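Novice: Quick one: the structure is below, and I'll ask about it shortly.
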Amino acid sequence: MNKKIKNIISKKNKSKIVCLTAYSKNFAIEIDKHADIVLVGDSLASVLYNYQTTRKVTLSEMINHSKSVRLGVKKSLMVVDMPYNSYSTNISALKNAKKIIKETKCDAVKLEGGKKIISQINYLIRNKIPVMGHIGILPQTNVGKFKSKGKTLREKKQLIEDALLLQKKGVFAIVLECIKTSTARQITQILKIPTIGIGSSVYCDGQVLVTDDLIGLNDTNIKFVKRFINIRKYLNSGLKKFASEVKSKKYPLKKHSY
Ligand code: KIV
């Protein structure tokens with residue numbers, strides 16, 4: 001098993017895992033300093049392209065962004081989301097996962113779903129592709145529906161069953177998206193592998209957020225997002241200064257010219 005993956009698993013019950021999204025090199029360089037896992041999420045659909053759903057993201061888009069991210073990630077585990085329709089069958093899942101790993105040099109791929117896609121996950125893992133799971137809200141499936149999961153007994157049972165099945169097949173960690181606190185807590189307690197929560201409470205083994213959300217670049221009012229900094233303020237102050245110096249001919253000086 002990849003050393004970085006072993007390291008992530010070994011954090012269970014010891015220290016919290018930090019996971020952040022990145023879509024390009026310069027962001028990845030900074031994120032890599034603070035994260036254990038850098039995820040090239042298909043959330044880039046809405047964050048970068050204004051797509052209504054993540055279903056519109058193509059394999060080429062994921063690969064191109066991941067190639068850029070790879071240039072910035074040195075120490076963290078790099079995981080790439082497999083886009084919608086790229087893992088509908090065992091054969092397509094393996095072909096596309098191999099392509100992603102070969103072209104982007106990422107460490108692992110992430111697929112959304114439990115029992116329904118267990119055949120593809122099993123097939124990937126048997127073929128030595130490291131896989132991260134993702135259950136709860138599944139943006140590729142629950143299009144436009146942002147309803148938290150695990151509130152009814154039936155949903156809770158299904159989520160626990162999915163989590164155990166994913167673990168049994170060999171995923172190294174599972175993202176729990178918008179799962180009720182008590183259910184996320186129970187899943188985390190039952191599993192030997194780490195859970196990475198997003199809107200699923202402090203009881204998960206780690207947390208993931210879309211970086212653009214937490215730095216205030218992407219305007220969102222989703223309940224689980226906390227804005228840790230308003231980066232727009234700093235960006236605008238620098239850009240405003242540039243514009244003003246160009247207009248007043250204060251920039252460029254002689255030393256900036258050939
Ligand atoms: O696409 C994404 O960024 C994700 C995370 C938010 C978990 O799947």
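Every number in this text was worked out from the coordinates using simple rules, so none of it is lab data. Model, not experiment: these values are computed from the prediction. Cβ atoms come from the backbone with ideal geometry, glycine included; neighbour counts cover every protein chain shown.
Novice: With θ set to phi - 60°, apply the Karplus curve 6.51 cos²θ - 1.76 cosθ + 1.60 along the range 28-43 and write out the HN-Hα couplings as whole Hz, x wherever there is a Gly or Pro.
Specialist: 4, 4, 6, 5, 4, 6, 10, 9, 8, 10, 9, 10, 8, x, 6, 4
Novice: Normalised by the number of residues in the chain, what is the relative contact order in percent for Cα pairs under 8 Å and 6+ residues apart?
Specialist: The value is 16 percent.
Novice: Place +1 on the Cβ of every Lys and Arg and -1 on the Cβ of every Asp and Glu in the range 3-230, take the dipole about the Cα centre, and give the residue among 109, 57, 31 whose Cα lies farthest towards its positive end.
Specialist: 109
Novice: Filter the chymotrypsin sites (Phe, Trp or Tyr not before Pro) in the range 71-172 down to the DSSP loop ones having no more than 14 other Cβ atoms within 10 Å, then list what survives.
Specialist: 146
Novice: While we're looking at this one, here's another question. Grab the beta carbon distance between residue 56 and residue 192, set R0 = 25 Å, and tell me the FRET efficiency rounded to 0.05.
Specialist: So, using R0 = 25 Å, E works out to roughly 0.10.
Novice: What ranking do 227-238, 151-162 get when scored by the average of other Cβ atoms within 10 Å per residue, highest first?
Specialist: In decreasing order of mean packing, 227-238, 151-162 become 151-162, 227-238.
Novice: Just from its helices, what would the mean residue ellipticity at 222 nm be for the chain, if runs of 4 or more DSSP H residues each count -39500 (n - 2.57) and the sum is divided by every residue, rounded to the nearest 500 deg cm²/dmol?
Specialist: Mean residue ellipticity at 222 nm (helix-derived): -12500 deg cm²/dmol.
Novice: Work out the FRET efficiency for residue 71 and residue 157 from their Cβ-Cβ distance, taking R0 = 51 Å, and round it to the nearest 0.05.
Specialist: E(calc), rounded to 0.05, equals 0.70.
Novice: With 10 Å bins from zero, work out the P(r) of the range 189-258 over every alpha carbon pair and list the percent per bin.
Specialist: 17, 27, 20, 16, 11, 7, 2
Novice: Also, I was wondering about something else. Once you place label points 7 Å from the Cα toward the Cβ at residue 128 and residue 220, how far apart are they in nm?
Specialist: 3.6 nm
Novice: 5 Å is the cut-off here: which amide hydrogens, built 1.01 Å from N in the peptide plane, fall below it relative to residue 114, excluding neighbours closer than 5 in sequence?
Specialist: none
Novice: Where the centre of each part is set by its Cα atoms, how far does the range 12-66 sit from the range 188-258, in angstrom?
Specialist: 13 Å
Novice: Among 138, 181, 193, flag the residue with its Cα farthest along the positive direction of the charge dipole of the range 122-194, charges on Cβ as +1 for Lys/Arg and -1 for Asp/Glu.
Specialist: Highest projection toward the positive end goes to 181.
Novice: Also: Positive end of the dipole of the chain, charges at C-beta (+1 Lys, Arg; -1 Asp, Glu), about the Cα centre: which of 244, 203, 78 has its Cα farthest in that direction?
Specialist: 244
Novice: Just the ratio, please: alpha-carbon radius of gyration of the range 95-168 over 2.2 N^0.38 Å, N its number of residues.
Specialist: Relative to the 2.2 N^0.38 Å estimate, the range 95-168 comes out at 1.22.
Novice: Let me spell out the model: positive unit charges on the Cβ of Lys and Arg, negative unit charges on the Cβ of Asp and Glu, origin at the Cα centre of the range 128-177. What dipole size does that give, in debye rounded to 20?
Specialist: Here the size comes out at about 120 debye.
Novice: Using only C-alpha atoms and all pairs of different ones, pull out the Kirkwood radius for the range 4-147 in Å with one decimal.
Specialist: The answer is 15.4 Å.
Novice: Can you tell me the order of 3-11, 98-106 when each peptide is scored by its average per-residue count of other Cβ atoms within 10 angstrom, highest first?
Specialist: Going from most to least packed, we get 98-106, 3-11.
Novice: To continue, here is another question. Taking the Cα centre of the chain as origin, work out the dipole magnitude from +1 charges on Lys and Arg Cβ and -1 charges on Asp and Glu Cβ, in debye rounded to 20.
Specialist: With Lys and Arg at +1 and Asp and Glu at -1, about 480 debye.
Novice: Give a residue-ordered list of calculated ³J(HN,Hα) values for the range 120-126 (Karplus: 6.51 cos²θ - 1.76 cosθ + 1.60, θ = phi - 60°; whole Hz; x for Gly, Pro).
Specialist: The phi angles translate into 5, 5, 4, 5, 4, 5, 4 Hz.
Novice: Find out how many positive minus negative residues lie around residue 218, taking Lys and Arg as positive, Asp and Glu as negative, among other residues whose Cβ is under 14 Å from that of residue 218.
Specialist: Cβ neighbours under 14 Å give a net charge of 0.
Novice: Please state the charge dipole magnitude for the range 206-245, taken about the Cα centre, from unit charges on C-beta atoms (+1 on K and R, -1 on D and E), reported in debye and rounded to the nearest 20.
Specialist: About 160 debye.
Novice: Just need log10 I(q)/I(0) for the range 98-245 at q = 0.16, 0.17, 0.18, 0.19 Å⁻¹, Debye formula, equal scatterers on the alpha-carbon atoms, no solvent, rounded to two decimals.
Specialist: With one equal scatterer per Cα and no solvent, log10 I(q)/I(0) is -0.89, -0.97, -1.05, -1.13.
Novice: Restricting to Cα pairs below 8 Å that are 6+ residues apart, what does the relative contact order work out to for the range 34-132? Please round to a whole percent.
Specialist: That works out to 27 percent.
Novice: Expressed as a whole percent, how much of the Cα-Cα distance distribution for the range 135-199 exceeds 21 Å?
Specialist: Pairs farther apart than 21 Å: 15 percent.
Novice: OK, next. Quick one: Karplus J couplings for the range 199-207, per residue in order, coefficients 6.51, -1.76, 1.60, θ = phi - 60°, nearest Hz, x for Gly and Pro?
Specialist: x, 10, 5, 6, 6, 5, 6, x, 9
Novice: Also, I was wondering about something else. Please list the three semi-axes, largest first and in whole Å, of the ellipsoid equivalent to the chain, using sqrt of 5 times the eigenvalues of its alpha carbon gyration tensor.
Specialist: Each semi-axis is the square root of five times an eigenvalue, giving 35, 21, 17 Å.
Novice: Write down the percent of antiparallel bridges among all DSSP beta bridges whose residues are both part of the chain, to the nearest 5.
Specialist: Here the antiparallel bridges make up roughly 5 percent for the chain.
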